[in-house]
Every structure is written in C-alpha cells, then in structure tokens.
1. Would it be correct to say that G123 is of a type in the set (G, A, S), within 30 Å of V63 (Cβ to Cβ) and surrounded by fewer than 24 Cβ atoms within 10 Å (Cβ to Cβ)?
2. Show me the helices (runs of 4 or more DSSP H) entirely contained within segment 20-121 in which 3 or more residues are touching a residue at least 40 places away in the same chain (Cβ under 8 Å).
3. Just the residues that are surrounded by fewer than 19 Cβ atoms within 10 Å (Cβ to Cβ), of a type in the set (D, E, K, R) and within 20 Å of A383 (Cβ to Cβ), please, taken from segment 50-80.
4. State which residue pairs qualify: first residue in contact (Cβ under 8 Å) with a residue 60 or more places away in the chain and inside segment 311-322, second residue among the hydroxyl-bearing types (S, T, Y) and away from the ligand (no atom under 13 Å from the Cβ) in any location, beta carbons under 8 Å apart, and separation of 6 or more residues or different chains.
5. Report yes if some residue within segment 411-423 is within 21 Å of R24 (Cβ to Cβ) and either among the small types (G, A, S) or free of Cβ contacts under 8 Å to residues at least 12 places away in the same chain (or both); otherwise report no.
6. May I ask you to say which residue of A187, A240 is among the small types (G, A, S), under 27 Å from I283 (Cβ atoms) and either within 16 Å of the ligand (Cβ to nearest atom) or at pLDDT 95 or above (or both)?
7. Looking only at segment 307-361, which residues are more than 27 Å from M86 (Cα to Cα) and either of a type in the set (F, W, Y) or outside any helix (DSSP H, G or I) (or both)?
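The values are calculated or read from the model by the stated rules, or taken from the named source; none is laboratory data. Every value quoted in this text rests on a predicted model; they were computed, and no experiment measured them. Cβ sites come from the backbone with ideal geometry, for glycine too, and all protein chains shown count toward neighbours.
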Amino acid sequence: MNQDSYCDTLFINGIVVTMDDQRRVIADGAVAVRGQRIVAVGSADELRDWNAARRIDCRGSAVIPGLIDCHNHLFQLAGRGLGDGMALWQWLGEYMLPLAANIQAPEALAAVRVAALEAVSCGTTTLLDNHYAPSDVETTLGVARALQEIGLRGIVARGMFGPYTQVAQDNGLDCALFQHNTADEMASMRECLQEWSSDRVSIWPSPINVIYNDQSLVRGCVELAKEFGVRWQTHCSEAAADPKIYESAYGVRPFVWMRDEGLLDADATFAHAIWLNEEEISIVGEHQCGIAHNPMSNQYLASGPMPLRKLRQAGVSMGLGADGAAGHCMDLFQIMKQTVYVQRQALLDPQAGNALEAFELATREGARLANVDAGQLTEGKLADVVVVNLDKPSMAPCFDVVSTLVYAGSGNQVSLTMVDGQIVYEQGRFTQVDRDAFIEDAQQRCSQLVQRLGLQFPLSRAHGARGAAIQDASVA
Ligand SMILES: [Zn+2]
C-alpha cells in the first residue's frame with residue numbers, strides 16, 4: 001500500500017467549500033485527514049482510491065472548514081433569556097455584572113460546558129472564551145479544561161476588572177468585581193499562563209474593557225502577553241457613548257491612547273470596536289489589529305452597526321463572535337447572515353455585504369485573528385472540518401452553496417464536527433462527553449443561581465411595554 005494515499009478519515013462525495021486562496025468549491029469533492037492535518041483535497045474521483053480507516057459518504061451535504069468564534073462569554077449562558085430590553089451600560093450595571101459578581105465556580109463551569117456543546121453542535125471548531133466570572137486561577141484553568149475535554153480548539157481570554165475606576169463608578173458598575181489591584185491581577189494571570197499547557201487550548205490576558213479598566217491594567221496585560229508570546233483581547237468602544245466617556249476621563253480617545261502607549265499590533269484583538277472615528281480606523285488598520293465583530297449581540301443591546309468594510313480596507317483582521325448566550329445563541333450561521341444584513345440596512349446599500357465575505361470572516365479571517373492554522377480546507381491545514389446537511393427543504397434548490405448556507409443555513413443542519421482530526425460531534429451525539437448529564441447539571445445549578453439572585457423574566461419588564469405585555473399575558 002502506498003503510504004502517501006492512506007488517511008484516517010476520508011470525507012467523500014460532498015460539496016467541498018475549501019475557502020482556499022481561490023475560494024474553490026468542488027461540486028463532488030473529497031477531503032482526506034491524517035492525524036491532526038488535512039493531507040489532500042480534490043475531486044471525489046481523484047481521491048476515490050485512497051485507503052481510509054473511515055470513509056464518510058457526504059452525498060447531499062456540504063463539507064466546510066470549521067467555524068471560528070472569536071469572542072464569547074460561555075458562562076453567561078447561566079442567565080439565558082434574562083436581562084432583555086436594555087442597552088449596554090444598563091445591561092451590565094443591572095444584570096450581567098451582578099450575575100458575574102455572584103456566580104460560583106461550579107455554576108459557571110456548568111454553563112460553560114453547555115454553551116460549548118451548543119457551539120460544537122453548530123459547527124464551531126475554534127472558540128475564544130472571554131471568561132471573567134469567576135476569574136480566579138482555578139476556575140480559569142477549569143474553563144480551559146472544559147474546552148479541551150469537549151474537544152474544542154480555543155482560547156480562554158481571562159477577563160480582568162482590576163481597580164475600581166472613576167469611570168466604572170460614575171456609570172453604575174458593580175464594585176464587587178473590581179476587587180484586585182493591577183499587581184494582584186497580573187500575578188494571577190501569570191500563574192494561569194505558567195500552569196497551562198496544551199496544543200489545542202491557549203490562555204490569553206484580557207483587560208475586560210479599555211473604557212472602564214484602569215490604564216495600568218491594560219498596559220500590564222500587553223506586557224504579559226508579549227512575555228508569554230500570546231495575544232490579548234479586550235472590549236472597546238462598544239456603546240456609542242464609550243469614546244466620549246473615555247475622552248472626558250482621560251482627555252484622549254481610547255485607540256489613540258493605546259497607539260501612543262505602543263500597545264497596538266497584530267496581537268491586539270478587540271471585541272466590538274464599533275464607534276471608531278476616521279483617525280482610530282486608520283490606527284487599528286495600520287497596526288493590523290484584530291476585531292471580533294458581534295452583530296447579533298450588537299443588535300440585541302442596540303449598540304449599533306460597525307464600519308465593517310472601512311475597518312477591513314484599513315487592514316484589520318476581522319472575525320465573528322457570538323458574544324455570550326445571555327440573550328442570543330452560539331449559531332455562527334445566524335451570525336454570518338446578520339453580518340451581511342446589518343451592513344445593508346445601516347448603509348441602505350444591498351452591496352454593502354455579501355455571503356462570501358461573511359463566510360470568510362467566520363472561517364479563514366477568524367483563523368487569522370485567533371492565530372490558528374485552520375479556517376480552510378487545504379492540504380497541510382489543521383483538520384477542523386464540518387459537514388452540513390443540505391438535504392432539507394430550506395436548502396433546495398441549491399445553486400450557490402455559500403449563499404444558501406449563509407442566508408438559509410442554520411447550526412441545526414450540522415451533522416458532524418471534527419476538530420484536530422477527531423470527530424467530536426456526529427448525528428446529534430457528542431463523542432467525548434455525556435450531553436444529558438451536562439445539560440441536567442447546568443439546568444439545576446443555573447436555576448439555583450437565578451433563584452438566589454432573584455432574577456425573573458423579563459428582568460426588563462419595568463423598562464418597556466413589551467415586558468409588561470408578556471407579564472399580562474402570563475397572568476391571563
Ligand atoms: Zn463581549
């Protein structure tokens with residue numbers, strides 16, 4: 001037998017969306033995987049004679065690169081569906097940060113596990129979890145272990161609040177989370193970076209939000225990231241008021257300050273980055289920073305549309321993120337669709353976005369931001385492969401598979417998720433963990449948390465007529 005044409009898994013007879021440099025779609029294609037890597041991609045005819053330990057017939061399915069979620073908060077699943085109808089600062093001040101200040105490690109980990117399962121079942125293979133509650137060393141490592149155990153590739157960006165700043169105080173954020181000085185936060189962060197070692201899951205520092213973090217915390221995180229050779233992530237300019245809040249506190253816009261401090265390069269990755277002026281767009285572009293775009297979250301909190309193409313044209317690497325499951329879901333197919341629609345609606349231009357562009361952000365561009373050697377089905381890349389069932393009324397007729405997947409597709413159609421050459425999800429079954437036990441544990445622990453905090457749905461009923469209407473209906 002020719003060793004060169006042996007593989008562990010051969011996906012064959014599917015529509016292969018390679019996302020390679022030519023964006024080739026192979027109508028009747030095949031992908032061969034050996035160990036952790038893709039060893040061949042071509043037509044089914046070309047690869048038909050390959051010897052494979054397992055041959056997966058993908059007739060009626062698309063074979064796509066695994067999707068990459070560049071910004072998430074898995075623990076937020078604990079409050080799923082609560083906290084509806086508020087804008088960012090109110091949502092943080094009245095709902096999410098009190099929840100974050102009170103959640104206990106077993107509750108957070110239970111939520112993390114179920115959110116990660118949801119992501120895997122929707123075709124996510126790399127996930128960046130910006131974990132911040134609780135953010136002690138043991139829980140942070142526990143989150144990394146949970147991703148590893150489920151079979152994901154990923155990053156735990158440990159979110160830190162640091163000292164209680166005037167901005168946080170003035171804007172009603174819970175002081176309970178701002179309990180460590182910068183030196184203590186850096187010591188814990190260093191411990192996480194030293195303790196953890198894995199090929200598949202890494203740990204990055206994350207000052208949680210440039211706007212309300214102390215400047216020393218941001219500087220410290222960047223220094224630590226450099227020392228350990230990793231990237232870092234933070235929220236910045238998510239709400240329209242953020243740059244003004246920053247400017248009135250420090251006399252400078254946030255991205256200008258970071259540029260002047262020498263903090264910006266390709267290792268700097270930002271969640272949201274919606275409200276940048278022209279100067280800041282040039283700054284992040286010139287320094288080739290990464291931006292994780294979260295259109296579903298931005299719509300949920302009414303944060304606004306981001307200048308997507310201006311940022312990409314300026315030079316940033318851009319990926320997509322689900323940004324937690326508190327009010328939305330982990331399904332990057334939905335997020336791809338919204339990426340396109342938000343731009344069209346905001347600019348009143350039907351050409352302001354398209355399906356291929358959104359698919360690029362969810363795959364090869366996201367890989368660039370997350371710094372992983374995946375995001376394409378090409379020889380030599382890591383074997384992160386997803387099979388999507390096209391044999392559905394919603395997929396017929398299928399003329400342009402990428403358009404069909406983006407505009408009509410859903411994570412529910414994912415039939416198989418492979419990470420690092422290992423099948424972690426297939427036909428509704430998780431191969432590494434007990435799904436039912438995870439869901440039961442999360443339901444029980446998160447219910448206790450919600451009860452303890454006295455959270456009710458909808459938390460926002462005092463804030464709008466919609467909440468009141470729901471309450472009336474439930475009484476009737
Ligand atoms: Zn976020």
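1. no
2. On the way: elements: 44-47, 97-102, 105-121.
The helices (runs of 4 or more DSSP H) meeting that bar are 97-102, 105-121.
3. R54, R55, D57
4. Once the first residue is in contact (Cβ under 8 Å) with a residue 60 or more places away in the chain and sits in segment 311-322, its partners that are among the hydroxyl-bearing types (S, T, Y) and away from the ligand (no atom under 13 Å from the Cβ) give L320/T339.
5. Scanning segment 411-423 turns up no residue that is within 21 Å of R24 (Cβ to Cβ) and either among the small types (G, A, S) or free of Cβ contacts under 8 Å to residues at least 12 places away in the same chain (or both).
6. Numbers: A187 fails: under 27 Å from I283 (Cβ atoms).
Criteria check complete, one pass: A240.
7. Once the filter is applied, which keeps residues that are more than 27 Å from M86 (Cα to Cα) and either of a type in the set (F, W, Y) or outside any helix (DSSP H, G or I) (or both), segment 307-361 yields G315, V316, S317, D349, P350, Q351, A352, G353, N354, F359.
Table: residues versus (1) more than 30 Å from R429 (Cβ to Cβ); (2) of a type outside the set (A, V, I, L, M); (3) surrounded by 13 or more Cβ atoms within 10 Å (Cβ to Cβ); (4) under 25 Å from the mean Cα position of the chain (by Cα).
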| site | (1), (2), (3), (4) |
| --- | --- |
| L152 | no, no, yes, yes |
| G159 | yes, yes, yes, yes |
| L173 | yes, no, yes, yes |
| H180 | yes, yes, yes, no |
